[in-house]
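Encoded as structure tokens, the structure appears first; notes follow it.
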Amino acid sequence: MALDYSQKVMDHFINPRNVGEIENADGIGEAGNPKCGDIMKIYLKVNPDTKVIDDVKFKTFGCASAIASSSMATELIKGRTIEDAWNLTNSAVAEALDGLPPIKMHCSVLAEEAIHEALNDYRAKNGMEIIPMEHHEE
Amino acid sequence: MFVYMDHTATTPTSPEVLKAMMPYFSENFGNPSSVYSFSRKSRAAIEKARSQVAAALNADPSEIFFTGSGTEADNWALKGTLEKAMKAGKNHLITTSIEHHAILHTAEYLKKFHGVDVTYLPVDSEGFVSVKDVENAITDKTALVSVMFANNEVGTIEPVAEIGALCREKKIPFHTDAVQAAAHLDIDVKAMNIDMLSMSAHKMYGPKGVGALYLKKGLRPENFVHGGAQEKGRRASTENIAGIVGFGEAMEILKSRLDEDKKINSERRDRLIAGLLEKIPHAKLNGATGDKRLPNNINFSFIGVEGETLLLDLDAKGISASTGSACSSESLDPSHVLLALGLKHEMAHGSLRFTIGRLTTDEQIDYVLDVLPEIVARRRAMSPLWEDFLKTVKN
């Protein structure tokens, strides 16, 4: 079945931003599973004083929209505080990509989840309270 | 470069076929059912096509019934046979877990609305159905055995002649979906004891919108399309004359060059397979090798990458291919065929199929061998699954 992706999705798929890993990352989060065909891993570097996300990288196994969602989500949280980053919703990611096909919306959900996982990993490591997360089953 | 490697999805109508079809649109447009002499041309054209298709299968022209598609032929064979058999108390259908959806969804329909008992036979890791399994599944309620001639995704050629012989011995009708196989293999319905066989023109350089069901003389499944008396009262609706003419022509041309095509396709197939195995680490070929595989099918899984990303990267390089990944479909499940072969979900999601044919050249094989390893390597480099996989390999 042919899927029509927006130019933004294709741009972020062909040339994804922030691909890779961060050595000694302050927070690492993973979402998805191989069964559904999507796994997303997010690495964060957080400024200890300002709590601003100085750097973020991702690695993703999945379709074009999963890769584009990861790329866009990392762009949206880079330079933001950890509180701001927590409030990034999946629909904001999808919107920034000029929309995703309905069947691919779960890719943006995955990006939100992976970021939440990474932020909670950071919070746990820094003695902060863990924020409860909703888990989306697929 | 435009590299079309999806001949299993469809093929272009060949110029000779199109030429044969052209007079049957605006010129000889008469309805074959009409009485006046003008319509005789249409009738004659259909009967010529029927003979061409029959000859290719070693069937009698009276055993060929044109349909709107291969899917319709499958629907007719299954629904028509089961509906009739159920009147005689037989409600069991035997098929396989790797059939095309035209068979699987029809079987599900029969189960849901008619209470048909369906057995889905498993396949081995190369996609082969066991004849023994067919035999063991047969009961005194079995109305039909339907096993595809060759699989559309992985190209595995099933032991159709053996299954045919078994069914003949047990006096159970045997249907085979030959939509892919008929485009590549020599089929002799008599020698192979095939009772019903589905075909489609657009897989063999004919037009879309026309298929056929071979029905062995004496078999009378219930009609599927009800209406007028076309096709000897067995399949209603005004004939798609141009399409039928094109089908006949395509089949005759195909038959005349079958051996030559088989040879060149197999050589290119094997060169592409060997090249990819050599150039891409941990590449897995799905399906069988050698003459048990359709000569034009190449199907790989690349652990760590997902099929749709590969398709889009290949598309950017001008290459058209296909995948069994869910991500290219409207469902979230990967290919039922690859799962039936025992592939893990992530391997099924990472599958890539090239199907070569008349549009393929040696240069195109080189081109794919040139660009695909780089594409796979780049996508693997951004995959956490690949990273995890490498750890398991090292340990």
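No value in this document is a laboratory result; all are computed from the given coordinates. Since we're looking at a predicted model, the values are computed, not measured. When we count neighbours, we look across all protein chains shown, and the Cβ atoms used for this are built from the backbone with ideal geometry, even at glycine.
Just a few scattered comments:
- The magnitude of the dipole of the stretch A:7-125, with charges of +1 and -1 set on the Cβ of Lys/Arg and Asp/Glu and taken from the Cα centre, is near 200 debye.
- Expected 222 nm ellipticity per residue - DSSP helices of 4 or more, -39500 (n - 2.57), all of chain A, to 500: -12000 deg cm²/dmol
- Note on the stretch B:15-256: with charges restricted to the Cβ of Lys and Arg (+1) and Asp and Glu (-1), its dipole about the Cα centre is near 1000 debye.
- Taking the charge dipole of chain A about its Cα centre, with +1 at Lys and Arg Cβ atoms and -1 at Asp and Glu Cβ atoms, the residue from A:CYS63, A:VAL93, A:THR50 reaching farthest to the positive side is A:CYS63.
- Comparing B:THR176, B:ILE319, A:ILE103 along the charge dipole axis of the protein assembly as shown, the residue lying farthest to the positive side is B:THR176, per the Cβ-charge model.
- Degrees between helix A:105-125 axis and first principal axis of chain A (Cα, 0 to 90, nearest 10): 10 degrees
- For chain B, the longest principal axis of the Cα atoms and the long axis of helix B:40-57 meet at an angle of about 50 degrees.
- Extreme residue, positive dipole direction of chain B, given options B:PRO334, B:LEU385, B:HIS282 (C-beta unit charges): B:PRO334
- Residues B:GLU16 and A:LYS8, FRET efficiency given R0 of 45 Å [Cβ-Cβ distance, rounded to 0.05]: 0.50
- Here the calculated FRET efficiency for B:ASP133 and B:ALA55, from their Cβ-Cβ distance with R0 = 41 Å, stands at 0.75, rounded to the nearest 0.05.
- Phi angles of the stretch B:239-248 translate, via the Karplus equation with coefficients 6.51, -1.76, 1.60 and θ = phi - 60°, into HN-Hα couplings of 4, 7, 4, 4, x, 5, 4, x, 4, x Hz per residue; Gly and Pro are given as x.
- Projected area, mean over directions - chain A, Cα convex hull, nm²: 7.9 nm²
- Put in line by how crowded their Cβ is, counting other Cβ atoms within 10 Å and starting with the fewest, B:VAL147, A:VAL56 read B:VAL147, A:VAL56.
- Ascending count of other beta-carbon atoms within 10 Å, so fewest first, for A:ASP121, B:ASP195, B:ASP177, A:ASP11: A:ASP11, A:ASP121, B:ASP195, B:ASP177
- Shape summary of chain B, radius of gyration then Dmax from alpha carbon positions: 21.9, 81 Å.
- Stokes-Einstein diffusion coefficient of the stretch B:1-125, Kirkwood radius over Cα pairs, 25 °C, 0.890 mPa s, in µm²/s: 135 µm²/s
- The mean of 1/r over all pairs of different alpha-carbon atoms in the stretch B:161-265, once inverted, gives a Kirkwood hydrodynamic radius of 15.1 Å.
- Using the Cβ-Cβ distance between A:GLU95 and B:LYS317 with R0 = 25 Å, the FRET efficiency computed as 1/(1 + (r/R0)^6) comes to roughly 0.25.
- When shorter helices are ignored and each DSSP H run of at least 4 residues is given -39500 (n - 2.57), the per-residue value for chain B at 222 nm works out to -12500 deg cm²/dmol.
- Here the label points at A:GLU83 and B:VAL225, each 7 Å from Cα along the C-beta direction, are separated by 6.8 nm in the simple model.
- For chain B, a Gaussian network of Cα nodes joined below 10 Å ranks B:GLY350, B:GLY115, B:GLY307 by mean-square fluctuation, and the top entry is B:GLY115.
- Given 12 as the ceiling on other Cβ atoms within 10 Å, longest exposed-site-free region of chain B for chymotrypsin sites (Phe, Trp or Tyr not before Pro) in DSSP loops: B:37-395
- Sorted by Cβ neighbour density within 10 Å, fewest at the top, the residues B:LYS216, A:LYS41: B:LYS216, A:LYS41
- Angle between chain B longest axis and helix B:101-114 axis [Cα atoms, degrees, rounded to 10]: 60 degrees
- Chain B: most fluctuating residue of B:SER42, B:SER14, B:SER237 per GNM, C-alpha cutoff 10 Å: B:SER237
- Inter-label distance, nm, simple model (7 Å from Cα along the C-beta direction), A:ASN47/B:ALA165: 8.0 nm
- With viscosity 1.306 mPa s and temperature 10 °C, the Kirkwood radius over alpha carbon pairs of the protein assembly as shown converts through Stokes-Einstein to a diffusion coefficient of 63 µm²/s.
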